[in-house]
Amino acid sequence: MPKVAYVHPDGSRDLLYVPEGTSVMQAAVARGIDGITGECGGSAMCATCHVYVDAEPSHAQHLPPVGADEDEMLDCTACPREPGSRLSCQLVVTAALDGLVVRLPEHQR
């Protein structure tokens, strides 16, 4: 099962084994990871699942492109948008994303 590391602003990490087909947001919410709220349930409408993806070249090619809705919502995040900013609800875990690292912002609101 693929692993995803969630890095908190203080540097601590939570490592989750995530079933393929589950979004990075769904896995975090199901396990109670502080820092990802996912208020809209994964429909790219709230930006409360904003993360910074540490996109290693091996992972970057397997991430879906940023869609128009996600792009618009990323302009509305509580913490500054960075080149690796993504909505974790739009990142569906596959075997190719094993070892993905996402950094959590200071806050979501």
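Here are a few things to note about the model shown:
- Counted residues, segment 21-37 - those being in contact with a strand residue (DSSP E or B) (Cβ under 9 Å, 6 or more places away or on another chain) and open to solvent by less than 60 Å² (accessible area, probe 1.4 Å): 10
- Qualifying positions in segment 82-95 - open to solvent by 10 Å² or more (accessible area, probe 1.4 Å) and either touching a residue at least 12 places away in the same chain (Cβ under 8 Å) or part of a helix (DSSP H, G or I) (or both): GLU82, GLY84, ARG86, CYS89, GLN90, VAL92, THR94, ALA95
- Candidates GLY32, GLY21 - the one that is in contact (Cβ under 8 Å) with a residue 60 or more places away in the chain and farther than 13 Å from VAL101 by Cα: GLY21
- Boolean, VAL51 is touching a Gly at 6+ places or on another chain (Cβ under 9 Å) and of a type in the set (Val, Ile, Thr): yes
- Within segment 1-32, the set of residues being assigned to a loop (DSSP other than H, G, I, E, B) and closer than 17 Å to VAL92 by Cα comprises MET1, PRO2, VAL18, PRO19, GLU20, GLY21, THR22, ARG31.
The values are calculated or read from the model by the stated rules, or taken from the named source; none is laboratory data. Every value quoted in this text rests on a predicted model; they were computed, and no experiment measured them. Because the Cβ atoms are built from the backbone with ideal geometry, glycine has one as well, and the counts that use them run over all protein chains shown. Ligands, DNA and RNA are stripped out before the accessible areas are found, and what is left, the full protein with its side chains, is counted by its heavy atoms. Shrake-Rupley method; radii C 1.70, N 1.55, O 1.52, S 1.80 Å.
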